[in-house]
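In what follows, a single structure is set out as structure tokens and then discussed.
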Amino acid sequence: MALSTYLVPSAAKSAVALCLVVALPCLAIHVAFTGPLVTTITNFLVMLTAVAALGVFAGNSGILSFGHCAFMALGAQISATLTIAPAMKKSAFPLLPDFILQNQLGLVLALLVTMILVGTVAWAIGLAICRLNGSSASISTLGLLIIVESLIVAAQGYTRGNQAVYGVQKLINIPTALALALLAIAVARLFRDSRPGLLLRAGRENEAAAQSVGIDVPRQRLTAWVVSAMLSAMAGAMMAHFLTVFSPKQFYFDLTFAIIVMQVVGGMASVTGAVAGAVLVTALIEVLRRFENGLDLGFMQVPQIFGVTQVGLSLIIIVTLYRRREGLLGFAEIENFWPALRRVIGGAPIGGTPAAASPAPAGELAVEGVTKAYGGLVAVDQVNLTLRTGEILGLIGPNGSGKTTLLGCIAGTHAPTAGKVRIDQTEITGHPPYVVARLGIGRTFQNIRLFTNLTALENVMAALAQRHSAIPRQELESRALDLLGELKIAELAGRTAGTLAYGQQRRLEIARALALEPRFMLLDEPAAGMNESETNDLLGILAWLVKERGLGLLIVDHDMQLIMRLCQRIAVLNKGQLIALGTPAEVQRNPAVREAYLGRRHAEKMIA
């Protein structure tokens, strides 16, 4: 697959700029100073590597991991074992195989072996963890930290248990630590704007919406989890070869807390924020440790005060979460704060003239006897419907009649209690939503679900990137702009989706669904919240899309004028049952429909 599919030129330039911002002061200190400041900077670079590593997963997935220090502990243990001299290794790790005891690797080869081994372990563990969401996933990573620490302590003879590992060569200094830290920053920054990073950020913003455009969110999390674990292992190896003596307890709660504070304070979703958080918190720790160890101010003697560092870190994270939950830099990267750099890196793409979308192949979406029950409540009861390509079918009914539930059964977000859904001869019942989307069904939601902190362009690109895995980014951008143009919002491409007006968000949601090149689209109240002018524009756009693309549209809406003007056929649900199906005129004359909307007494008066 072409490298251009994954790498973004602007992200590469941003990564270079960020690396220069980190590298120049560190090199200056390396040349001009010696002693404690050099130690502080080296330790800062190790921590920066760990924070950047955590950000690859936590920043892009939105799941805060408490377990990445487990990968650091494994990285320290494995790399130390590989680089310790054979004579010392035999006394320290007597139960290890002979081929490990008798060989000693250099730093580079030891790092490669360590990262591959830890990445393999992370992949096996991530198969389960990456299927979890929110707090469940975070708690599971905390369990991982405890388990790994316990295993290291218990495996005495392989790891020295809870005793310190000694005899580790001091292979990390400022230049080496800087090189590895810059590598971690570059990987984190490039991953953020790569195709996998874009898909994962879409899942972070709204998992249901991501699945509706075909994104397998757990799979994207697993990719980031493995990359993040490998970088964490590298950070752990750096710490081991910087300290030369370490024990498992150094990779436990205290270190975990410090890394998380750096990540959250700077901005969990930003690589630049990770750098800023690492700088700020490292400086704070150095100041607090001086007070903790006692300090002579000349005019007074400050005694030792144990726990000052932990208290200070706790306060800064509380203040940050209270005042600015997304961290100091939020979702912004370095180019957002440096106008000159933003001009060099470039802004929104101009776009080309992509080929028009091919008409959808003729076919049929069939709902056959679908029932959805919640205990004793039957939300959808034995509904039969068909929708052909090139047709607009309206679905109406009083509030609570089961319309949205039926759409969920078709789209895969609800598992039908009975019945089946098929596209032509392919049954799609029971498939997860992302599979249903890939099979040709796009959808919008009753409550708008956009990728709020992504731009309008990125919202559409996420769906296109999932649909077309092998085309270059420039073409993805061009196609995304074309789709935004079809919905008449191309000028909003660079705006964050959450800042758009309500009607514009509705159009963006439809444009994103169209990026799948679906054969059928399910639109849940697309005109809700729009004024008359916006509704008329939307009506024209939808009619044009059906004519040009040959889509089959299933529309749920309470705007009867829109439904009657736009739809060739209308289906009416009441109490989960299909009570009418026909042309708009036939449905309007149907007594059962009048009774459902007006009540029996008013319906009888109208008939009389």
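Just a few scattered comments:
- Residues that are without any contact (Cβ under 8 Å) to a residue 40 or more places away in the chain, farther than 22 Å from Gly503 by Cβ and open to solvent by 50 Å² or more (accessible area, probe 1.4 Å) were ranked within segment 419-469; the one that is farthest from the chain's Cα centre (by Cα) is Gln425.
- Check on Thr49, of a type in the set (S, T, N, Q), assigned to a helix (DSSP H, G or I), farther than 25 Å from Ala155 by Cα and within 26 Å of the chain's Cα centre (by Cα): yes
- Test: Ile396 is crowded, with 23+ Cβ neighbours inside 10 Å and more than 23 Å from the chain's Cα centre (by Cα): yes
To keep it simple, each residue is scored yes or no on (1) of a type in the set (Asp, Glu); (2) open to solvent by 50 Å² or more (accessible area, probe 1.4 Å); (3) assigned by TED's automatic domain parsing to the domain that holds Thr496; (4) modelled with pLDDT under 90.
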{"residue": "Glu326", "(1), (2), (3), (4)": "yes, yes, no, yes"}
{"residue": "Gly351", "(1), (2), (3), (4)": "no, no, no, yes"}
{"residue": "Glu368", "(1), (2), (3), (4)": "yes, yes, yes, no"}
{"residue": "Gln382", "(1), (2), (3), (4)": "no, yes, yes, no"}
{"residue": "Ile392", "(1), (2), (3), (4)": "no, no, yes, no"}
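- For first residues located in segment 277-294 and modelled with pLDDT under 85, partners that are loosely packed, with under 13 Cβ neighbours inside 10 Å and not in a helix (DSSP H, G or I) and lie 6+ apart or on another chain with Cβ distances below 9 Å form the pairs Phe291/Gln304; Glu292/Gln304; Glu292/Phe306; Glu292/Gly307; Asn293/Gln304; Gly294/Gln301; Gly294/Pro303; Gly294/Gln304.
- Sole exception among (1) over 36 Å from the mean Cα position of the chain (by Cα); (2) closer than 24 Å to Val380 by Cα; (3) at pLDDT below 90; (4) not aliphatic (A, V, I, L, M) for Gln561, by number: (2)
- Every pair of residues 6+ apart whose Cβ atoms lie under 6 Å, when the first sits in segment 478-497 and is at pLDDT 90 or above while the second is among the basic types (Lys, Arg) and surrounded by 21 or more Cβ atoms within 10 Å (Cβ to Cβ): Ile489/Arg507
- Screening Leu74, Leu96 for residues that are of a type in the set (A, V, I, L, M), surrounded by fewer than 17 Cβ atoms within 10 Å (Cβ to Cβ), touching a residue at least 12 places away in the same chain (Cβ under 8 Å) and touching a Gly at 6+ places or on another chain (Cβ under 9 Å) leaves exactly one candidate, Leu96.
- Out of Ile510, Ile541, Ile570, sole residue that is β-branched (Val, Ile, Thr), in a helix (DSSP H, G or I) and at pLDDT 90 or above: Ile510
- Within the set Val556, Val593, the sole residue that is at pLDDT 85 or above, β-branched (Val, Ile, Thr) and open to solvent by 10 Å² or more (accessible area, probe 1.4 Å) turns out to be Val593.
- Verdict on Thr34 being among the polar types (S, T, N, Q) and either surrounded by fewer than 24 Cβ atoms within 10 Å (Cβ to Cβ) or outside the structural domain of Trp123 (by TED's automatic domain parsing) (or both): yes
- Exclusive hit being at pLDDT below 85, over 30 Å from Val587 (Cβ atoms), open to solvent by 50 Å² or more (accessible area, probe 1.4 Å) and over 30 Å from the mean Cα position of the chain (by Cα), set Phe306, Phe337: Phe306
- In this structure, Ala585 qualifies as at pLDDT 90 or above, of a type in the set (A, V, I, L, M, F, W, C) and more than 29 Å from Gly440 (Cβ to Cβ).
- Taken over segment 529-545, the criterion of being over 17 Å from Leu514 (Cβ atoms) and surrounded by fewer than 17 Cβ atoms within 10 Å (Cβ to Cβ) is satisfied by Gly529, Asn531, Glu532, Ser533, Asn536.
- Scanning segment 81-88 finds one or more residues that are in the same structural domain as Ser150 (by TED's automatic domain parsing) and farther than 15 Å from Val165 by Cβ.
- Boolean, Ala515 is in contact with a Leu (Cβ under 8 Å, 6 or more places away or on another chain), open to solvent by 10 Å² or more (accessible area, probe 1.4 Å), among the small types (Gly, Ala, Ser) and in the same structural domain as Thr413 (by TED's automatic domain parsing): no
- Inspection of segment 401-418 finds no residue satisfying the criterion of being farther than 19 Å from Leu523 by Cβ, touching a residue at least 40 places away in the same chain (Cβ under 8 Å), open to solvent by 10 Å² or more (accessible area, probe 1.4 Å) and among the charged types (D, E, K, R).
- Looking at segment 403-501, the helices (runs of 4 or more DSSP H) lying wholly inside it that each contain 3 or more residues that are under 18 Å from Arg195 (Cβ atoms) sit at 433-438, 456-467, 473-486.
- Scanning segment 552-580 for residues that are within 19 Å of Lys372 (Cβ to Cβ) and of a type in the set (A, V, I, L, M) returns Leu554, Val556, Ala571, Val572, Leu573, Leu578, Ile579.
- Within segment 146-162, tally of residues that are open to solvent by 20 Å² or more (accessible area, probe 1.4 Å) and either free of Cβ contacts under 8 Å to residues at least 40 places away in the same chain or on the phi > 0 side of the Ramachandran plot (or both): 7
The values are calculated or read from the model by the stated rules, or taken from the named source; none is laboratory data. None of the values given here were measured: they were computed from a predicted structure. Every residue, glycine as well, gets a Cβ built from its backbone with ideal geometry; the counts of neighbours run over all protein chains shown. Just so you know, the surface numbers come from the protein's heavy atoms only, side chains and all, with ligands and any DNA or RNA stripped out. Shrake-Rupley method; radii C 1.70, N 1.55, O 1.52, S 1.80 Å.
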